[in-house]
Amino acid sequence: MTQSTARLAATGLTPTTVLWFTAGLSMLQPLATDLYLPTLPGIAAYFETSVVTVQWTLSIFVAAFGAWQLVAGPVSDRYGRYPVIVAGALVYCGASVLAMVAPTIEVLIGARLLQAVGACSCLVGARGFVRDLYAPTEGARLLAAAATIMSFAPLTGPVLGAYLYVAFGWRSAFALLAAFSLLLATAAAVKLKETNLHRNPHALRIAPMLRTYAEVVRSPAFRAYTLSASATYAGLFAFISGSSFVLIRVLGVSTTAYGFSFSTMVAGYLVGTLVCRRFVVRHGLQRTIYAGASLQAAAGLAMALLAIAGAHAPASIVVPMFFYGIAHGMIQPPAQSGAVAPFPRAAGAAAALMGFTMMLIASFVGFWIGASYNGTVYPLTLTICATSLASAAIAFTLVRRHGDVAQHG
C-alpha cells in the first residue's frame, strides 16, 4: 500500500471523489471570469461607464482572490479543509446573487470582491487536500487530471456566456454561477471528508503565521515554482483582461464569435493538461516545465512579431494563444505541486502564498492592460510576449537550479 493509498483510506475518500471535487472547486475561479467576459463591452454600455472602470470588475476579483489566500490558507491549516470549502462555496453563491441584481457598477464591483473570497476559499481548500493526500508527482498528475476536467468550464463558458448575453442580458451569467455554486456547496457538505489530520493550533496566531510564511518564502523550490506559475498566469490574465475589447472593438468580431475565439485558447489548455498527465510521470516536474515554457516563449514571440508586422487579424492573436494555452496546461500543475511539496504540515499556507503571488502579479498586469488600452493590438500582444519570455527564463534558471522536490513525499 502506497502512502497516498493509505492517506485516502484513512479519510474514507476515493480517488474519483478527490478528482471530481478538485475539478469542481477549481472551476469556480475561471467560471467567475470566463462566463461573463463576452459581456464586458455590454456592461460598460449598460452602466454608461469606461473600459477602465469595467476592468475593475476583473482586477478587484484577482486582487481579492490573491489577498484572501493569506487568510484562507492558515484557516484551513487550523480548522481543516472541509469547513473552508463549504463556507467558500456558500459565500460565492451569495455574491453571485448580489452581482445578478446589482443596480450600479459599484455594487457589481463589490459583489465581485465577495465572489473572489468564496472562490479563493474553495481553491485553497482543494489544493490543501490534494497535498494532504498525495506525494508531489502523484499530486501533479491529479491536478493535471482535474485541470483537464476543469478546462471544460472555461472552454464552454465564453460561448455559453455569449449566448446567455444575447438571449437574456449580462445578469444571466451570474444567475448560472449562483445555481452552480449552490449545487457544489450541497455536494461538498454531503460527500467531502476532512483530510487535514494534523491541524496546526497555532496557524492563526500572528507570530507563528509570519514564521510559517517566512519559512515558506525561504524555500528556493517554493520561489522557483511560484514564479513559474505566476509568469504563465500573468500572460493568461493579460488575454483574459484585454481580449474582449481587442477582438470585439478593435478587430470587429461579434460577441458570439469572441466566445469561440476565447474557447480556442482553453482548448489548447485542455490539450496541455492531457500532455502534462503523461509527461510529468515520465520526465518529472522540472522537465515538464522546461517543455511548456519553451513552447510558451515561441507562442509569445510569434504573437508579437505578427503584430509588429501589421498582421492585425483575429487569427494572429487566437492561434498563438492556442499554443500558449497548451504551454500553460503543461506548466501550471507541476508548478503548483512543486511549490507546496516541501511543506506537508503547512500546505495551506504554502498554497496561499503561491496563489497570493500569482494573483498579485496578475492584478498588476490587469491594471496595465486596462490603463494601456489605446484601440490597438499592441499593449495586449507585447505584454503576452513579455510574460512568455519571463516564463522561459524562470524555467531554465530557477526551476532548473532549485526545482528538485522528489525527496518530499
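Remarks
- Summing Cβ point charges (Lys, Arg +1; Asp, Glu -1) relative to the Cα centre of the chain gives a dipole of roughly 980 debye.
- Mean silhouette area of the chain, derived from the convex hull of its C-alpha atoms and averaged over all directions, reads 17.5 nm².
- Distance distribution note for the range 364-409: the fraction of Cα pairs above 15 angstrom is 59%.
- In the chain, the longest principal axis of the Cα atoms and the axis of helix 51-79 are about 10 degrees apart.
- Computed from backbone phi with θ = phi - 60° and the Karplus coefficients 6.51, -1.76 and 1.60, the 3J(HN,Hα) list for the range 234-246 is 4, x, 4, 6, 4, 5, 4, 6, x, 5, 5, 6, 6 Hz; x is used for glycine and proline.
- Here the translational diffusion coefficient of the range 331-409 follows from Stokes-Einstein with Rh set to the Kirkwood radius across Cα pairs; for 37 °C and 0.692 mPa s it amounts to 225 µm²/s.
- When the Gaussian network model of the chain links Cα atoms closer than 10 Å, the mean-square fluctuations of PHE180, PHE65, PHE239 top out at PHE180.
- Where only C-alpha atoms are counted, convex hull volume of the range 270-409 per residue in Å³: 105
- Legend: P(r) of the range 8-159 from all alpha carbon pair distances, 10 Å bins from 0, whole percents, reading 11, 37, 33, 14, 4, 0.
- Given charges at Cβ of Lys, Arg, Asp, Glu: the chain dipole, positive-most of ALA297, LEU177, ALA214: ALA214
- Taking the empirical scaling 2.2 N^0.38 Å for compact globular proteins as reference, the range 220-267 has a Cα radius of gyration ratio of 1.51.
- Rg ratio (alpha-carbon, reference 2.2 N^0.38 Å) - the range 66-143: 1.26
- Taking one quarter of the surface of the C-alpha convex hull of the range 24-83 gives a mean projected area of 5.0 nm².
- Residues in the range 251-276 reached by a label modelled at PHE322 [backbone nitrogen below 17 Å; 7 Å Cα→Cβ]: 257-275
- Eigenvalues of the alpha-carbon gyration tensor of the range 182-335, scaled by 5 and square-rooted, set the equivalent ellipsoid semi-axes at 35, 21, 17 angstrom, largest first.
- Percent of C-alpha pairs per 5 Å bin, the range 245-322, short to long: 3, 14, 20, 20, 16, 11, 8, 5, 2
- Kirkwood-type radius of the range 193-272, with distances r between different C-alpha atoms, in Å: 16.6
- For the range 104-231: Kirkwood Rh in Å [reciprocal of mean 1/r, alpha carbons]: 18.1
- The ellipsoid that matches the Cα gyration tensor of the range 164-205 has semi-axes, each √(5λ) in whole angstrom, of 37, 14, 6, with the longest given first.
- Reference-scaled alpha-carbon Rg (2.2 N^0.38 Å with N residues) for the range 170-230: 1.77
- Span from the the range 177-208 Cα centroid across to the the range 270-337 one, whole angstrom: 32
- Phi-based couplings in Hz for the range 255-272 (Karplus 6.51, -1.76, 1.60; Gly and Pro marked x): 4, 5, 5, 4, x, 5, 4, 5, 5, 4, 4, 5, 4, x, 4, 4, 4, x
- Efficiency of FRET from Cβ geometry, ARG400 and TYR378, R₀ 35 Å, rounded to 0.05: 0.60
- Estimated [θ] at 222 nm from DSSP helical runs (n ≥ 4, -39500 (n - 2.57)) normalised by residues in the chain, nearest 500: -28000 deg cm²/dmol
FYI, it's all coordinate maths here, none of it is from the lab. Everything numeric here is computed off the predicted structure, so don't read it as measured data. All Cβ positions, even for glycine, are placed from backbone atoms using ideal geometry, and neighbour counts span all protein chains on display.
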